[in-house]
């Protein structure tokens with residue numbers, strides 16, 4: 001690979017070492033290098049918005065997973081949106097807006113085939129990283145293809161004010177379900193009920209979750225969409241119905257653990273209720289993204305779905321901004337504006 | 001309900017109080033009463049063989065489950081086989097052999113509709129409590145309907161020398177799978193490989209389970225049929241393949257717990273592998289028992305399936321004999337001969 005120089009300076013965060021527990025600024029190296037000019041089949045993209053996701057914490061760990069860990073010294077992986085500034089790939093021209101795994105950097109040079117062109121006229125750019133991007137596809141396929149909710153059933157979702165959870169609850173409402181969300185703090189709880197139309201909210205930080213689940217889910221839980229793991233997963237398992245479906249989408253309460261993950265002690269509720277617990281990874285539905293995006297765009301346009309972004313300015317804030325996901329500080333889809 | 005007297009004396013074990021931890025003899029009251037004569041629609045059955053199952057431990061506990069707990073003072077629930085001695089029900093005559101929830105007693109008087117007549121000429125009577133009874137149906141539907149093994153896949157089963165496990169492994173072999181069983185002790189391990197045709201056995205009492213799973217399942221685990229829970233469930237989760245299916249049939253390692261159940265710490269393997277963990281209760285397949293029994297009888301007749309019963313003589317030994325299930329002493333389907 002040649003390393004031609006260009007006029008573009010690329011500000012990047014590279015993984016310095018694998019974090020133990022919460023991520024700290026020292027786990028990354030910040031560097032400014034000349035951006036690499038594109039070779040045949042490649043494009044150079046000026047990155048504008050970077051998606052910050054809980055899954056990023058997992059990518060920093062060594063070990064077998066659904067995707068290769070980020071290597072030490074590599075630019076930190078992240079989904080992002082940007083504008084093409086130089087192209088040596090057919091079908092891509094300067095000015096095109098693309099999404100892809102552009103990384104935590106200001107300029108990305110990568111194979112055009114790993115990017116997707118989006119129609120930036122359709123919606124504000126950050127939406128392509130939230131309702132119309134990975135969180136949207138995760139909510140859509142995780143709930144509908146794995147959770148399989150039926151009208152009248154009770155759907156519970158955790159991290160309900162988060163990027164995925166807020167969409168899961170709204171889609172479940174559109175599908176005619178009774179929807180209860182768990183979120184941390186009164187503001188988030190008010191938001192999911194008053195603005196997003198959830199039937200009820202449980203503030204897991206200040207309310208007794210088992211008792212509130214009994215109150216808000218008088219007919220038991222048919223679908224639990226789990227983003228958090230830990231005690232809340234156990235509390236929900238204790239109240240599932242016959243043939244309930246538990247979608248394991250994430251376990252943010254466990255990602256920074258330095259002790260072993262807490263397994264769900266109540267997993268035998270699966271036996272008693274002939275229920276299932278199933279993991280989902282959005283990439284498995286790549287062939288159906290068009291279907292998902294179309295549905296989401298339709299609901300957005302019709303005002304049936306709301307998307308909230310928490311946009312933080314400044315690439316340099318990356319390590320601290322990422323922490324907001326794990327402390328529960330962010331409110332809506334967390335996005336870094338470059 | 002009248003309480004007419006008959007000549008028959010009924011020896012019974014009644015639940016005296018709910019056990020804490022392992023069951024002890026004091027948890028039951030042994031009584032001898034005159035058997036109750038049948039009323040209209042009922043039959044009186046001389047009980048011959050009583051099935052002892054891990055599930056019985058759960059039925060002794062208070063609390064919501066898939067079936068009502070046995071009440072204090074009630075005859076202990078058990079599946080059993082016996083011969084009709086008196087009938088006031090159409091279609092049932094003295095001499096008919098029936099199975100049903102006859103209980104841990106020598107004479108049962110119950111509604112004929114709760115019993116099933118069996119053709120005792122087809123197979124030795126104990127078989128109707130093993131391969132042709134609940135363990136057989138549990139293995140057949142649990143493996144095929146929930147585990148959905150495909151030819152060439154790797155199936156792992158725990159308690160593999162037990163009533164259900166031994167059948168699961170053999171059915172998986174018939175279906176063209178690579179089959180590995182976990183059992184306690186060299187004799188059981190030899191038995192499942194040499195006599196039942198499993199591809200490999202792991203003696204969980206003396207061998208390192210993770211290392212032996214790696215050796216015996218070089219292509220990973222596609223289906224894990226779990227009868228035991230605890231550490232073995234975690235060890236298997238750590239080696240599952242993409243889209244693996246985990247059948248939760250039981251958790252005998254946890255039934256006598258006085259501390260909370262150990263949840264599977266490795267449950268996030270479900271997420272990474274988009275795998276599912278699903279509970280099964282045999283009663284859900286009642287409408288398909290004929291299909292299952294026919295298949296099992298055919299394989300038995302063809303010599304493709306072996307069933308081993310561990311028959312203990314004497315109703316009075318019940319509390320001690322039941323313990324064999326939890327200490328791992330029994331070898332094959334545990335049956336009490338009245």
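The values are calculated or read from the model by the stated rules, or taken from the named source; none is laboratory data. It should be emphasised that the depicted structure is a prediction, and the values quoted were computed from it without experimental measurement. Here the Cβ is made from the backbone with ideal geometry for all residues, glycine too, and neighbour counts use every protein chain on show.
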* Give just the number: which of (1) farther than 24 Å from residue B:312 by Cβ; (2) in contact (Cβ under 8 Å) with a residue 40 or more places away in the chain; (3) surrounded by fewer than 17 Cβ atoms within 10 Å (Cβ to Cβ) does residue B:63 not satisfy? => (2)
* Hey, residue A:50 more than 22 Å from the chain's Cα centre (by Cα) and buried (at least 22 other Cβ atoms within 10 Å of the Cβ) or not -> no
* Structure fact -> Those residues of region A:289-338 which are without any contact (Cβ under 8 Å) to a residue 12 or more places away in the chain and under 26 Å from residue A:27 (Cα atoms) amount to A:327, A:329
* To do: Take region B:230-272 and flag every residue that is more than 9 Å from every other protein chain (Cβ to nearest Cβ), under 23 Å from residue B:20 (Cα atoms) and touching a helix residue (DSSP H, G or I) at 6+ places or on another chain (Cβ under 8 Å).
  => B:230, B:231, B:252, B:253, B:255, B:256
* **Unmet requirement for residue B:301, which otherwise passes all of (1) in contact with a helix residue (DSSP H, G or I) (Cβ under 8 Å, 6 or more places away or on another chain); (2) within 24 Å of residue B:163 (Cβ to Cβ)** => (1)
* Structure fact -> Checked B:73, B:152, B:95 against criteria (assigned to a loop (DSSP other than H, G, I, E, B) and assigned by TED's automatic domain parsing to the domain that holds residue B:171); the one match is B:152
* To do: Tell me which of these residue B:286 doesn't satisfy, since it passes every other one: (1) more than 10 Å from chain A (Cβ to nearest Cβ); (2) in contact (Cβ under 8 Å) with a residue 12 or more places away in the chain.
  => (2)
* Across region A:38-67, which residue is nearest to the other protein chains (Cβ to nearest Cβ) among those that are out of contact with any helix residue (DSSP H, G or I) (no Cβ under 9 Å at 6 or more places or on another chain) and modelled with pLDDT of 95 or more? -> A:45
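Away from every other protein chain (no Cβ under 14 Å), free of Cβ contacts under 8 Å to residues at least 60 places away in the same chain and in contact with a strand residue (DSSP E or B) (Cβ under 6 Å, 6 or more places away or on another chain): does that describe residue A:199?
yes
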* Being surrounded by fewer than 23 Cβ atoms within 10 Å (Cβ to Cβ) and touching a helix residue (DSSP H, G or I) at 6+ places or on another chain (Cβ under 8 Å) is the filter here, so list the residues in region A:150-190 that pass it. => A:174, A:175
* **Top-ranked residue of region B:202-229 - restricted to ones that are within 13 Å of chain A (Cβ to nearest Cβ), at negative phi and out of contact with any strand residue (DSSP E or B) (no Cβ under 6 Å at 6 or more places or on another chain), ranked as surrounded by the fewest Cβ atoms within 10 Å (Cβ to Cβ)** => B:214
